[in-house]
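As structure tokens, the structure follows; a few thoughts come after it.
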Amino acid sequence: MLEILERSYPDATTALRHENPLQLLIATILSAQCTDERVNQTTPALFARYPDAAALAAAPQADLEGMIRSTGFFRNKARAIRECCADIVARYGGDVPRSMEELLTLRGVGRKTANVVLGNAYGIPGIVVDTHVHRLSRRIGLTDESDPVKIEFALMPVVPRERWTAFSHWLILHGRQVCAARKPRCSVCALALHCPRAGVTASQ
């Protein structure tokens, strides 16, 4: 199954555009309940005005809200960005930390966001359980867990560690392009022969 996914999505990577770990961290916070495309439209102006953690931590709440309004939940996201960046400045000298344990000490950062940063900014393998990975890992029979953290830990022994980050990208792309939530395109799915189609009641 892993080989099929790798052949299907050989160039899979994060769709969030970024130039450094901080930009990826902020983009990931903004991506909650928002499309990557919308985030990518929002971040260039944001990072041009506030280029580092110190600047973001000191940004006026109202100004930050205005710049990220289109991503939704903008008040909470603006507060999360300011608090997270304040922690980065106070405890890590303005640099995004490189371990799960340290990332989880930042306000507003959970395991999903931490794994995005570790895997894509630092090359440290991590399984990102977003909505697609959550749905597909259950649908293709890799786990019957429903809690994202439990899904992450259930997938760890199933997928070789060096492929954790890539595996996340493969499932995310497969979920977007083929294995939709409501009517998955099972007739054209490369995994069809290996998939129990758990929970699928209608397909294309």
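Mind telling me which of the residues P148, P157 ends up being loosely packed, with under 12 Cβ neighbours inside 10 Å, of a type outside the set (K, R) and modelled with pLDDT of 95 or more?
When all the criteria are applied, what remains is P157.
For the stretch 97-153, list the helices (runs of 4 or more DSSP H) that sit wholly inside it and hold at least 1 residues that are touching a residue at least 40 places away in the same chain (Cβ under 8 Å); which are they?
111-121, 131-139
Taking the stretch 181-197 as the region of interest, how many residues are surrounded by 15 or more Cβ atoms within 10 Å (Cβ to Cβ) and assigned to a loop (DSSP other than H, G, I, E, B)?
6
Residues being farther than 17 Å from I81 by Cβ and in a helix (DSSP H, G or I): count how many of those fall in the stretch 1-35.
Residues meeting the conditions: 7.
The values are calculated or read from the model by the stated rules, or taken from the named source; none is laboratory data. As the structure is a computational prediction, the values presented were derived from the model and not from experiment. Because the Cβ atoms are built from the backbone with ideal geometry, glycine has one as well, and the counts that use them run over all protein chains shown.
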